[in-house]
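Everything on this sheet refers to the single structure shown next.
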């Protein structure tokens, strides 16, 4: 039964290759996307640290998105 | 008019959605793979090669759906000038390209045992290849051009011209004699696929949709951060 599952009655090469290519492509794209997101989050935080306290507070006060990014980035790091 | 679509309103939702998809994705993937590789029956004609359908068909559908959405948002962007649609399109395009490529590759792997060839210049296959090139050129505009207005113009033209190809892909199997079989699943009218195969296909479609949504949300979040980073001092 296991042998049948692996060989797929002679179609194993095509079936496993199809599923394998899809799986590997999706995993690669997932990790690449995640890495880029983290990179931008870190660059964003670094940029925020270059601001003076007054500028930082003003920026955070005026933007809900900045507050969210800061909150989620702090949790991640 | 579309104020509710601003990044300030959408951003808090993104993290919640990413967490939600992450929490259910693995379970649905396991269910989908169990159905696709073990529980679903082999085809009376194609045998176990039919299992390739469970990755091929959802890939093709998502590839087509992404381009349709890109075209629709491009037209809306042309009329209403909503900058957010530009970021949404930029985030969707790589997902569409990925799934179109996967549909072509898995289709080729399905074609060899069933048709006896990896590739044929038949209407369905050729029009899918054309879609892949439209995606490629669409993404290239973001990489090569620097002015946002120009990118929006050029990419929208590519999307609108490319959309002519969408009905060709859909109806190619009816208009011409092709190696590719006609659609087994119809939105209107009865489908010719058995429920024992339809159910795994729908579960796998859900898996692919969740994955596409996850990648889209991550890419869209990256876009928002990139813009906010640029404008940080102006805030």
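No lab work stands behind these numbers, since they all come straight from the coordinates. Keep in mind it's a predicted model, so treat the numbers as computed, not measured. We place every Cβ from the backbone using ideal geometry, glycine too, and count neighbours over all the protein chains shown.
Here are the numbers:
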| read-out | value |
| --- | --- |
| Under 17 Å from the residue B:226 label point (7 Å along Cα→beta-carbon), backbone N, the stretch B:141-163 | B:141-156 |
| Test item: B:99-109 mean partner chain Cβ contacts at 10 Å | 3 |
| Exposure proxy ranking, count of Cβ atoms within 10 Å, fewest first, for B:148, A:55 | B:148, A:55 |
| Between the stretch B:105-125 and the stretch B:30-102, the alpha-carbon center distance in angstrom | 19 Å |
| At 0.692 mPa s and 37 °C, Stokes diffusion of the protein assembly as shown via Kirkwood alpha-carbon radius, µm² per second | 153 µm²/s |
| Ranked list, fewest to most other Cβ atoms within 10 Å of each Cβ, for B:180, A:49, B:194, B:56 | A:49, B:194, B:180, B:56 |
| Percentage relative contact order, chain B, counting C-alpha pairs under 8 Å, at least six apart | 30 percent |
| Kirkwood hydrodynamic radius of the stretch B:113-194, from inverse mean 1/r over distinct Cα pairs, in Å | 15.0 Å |
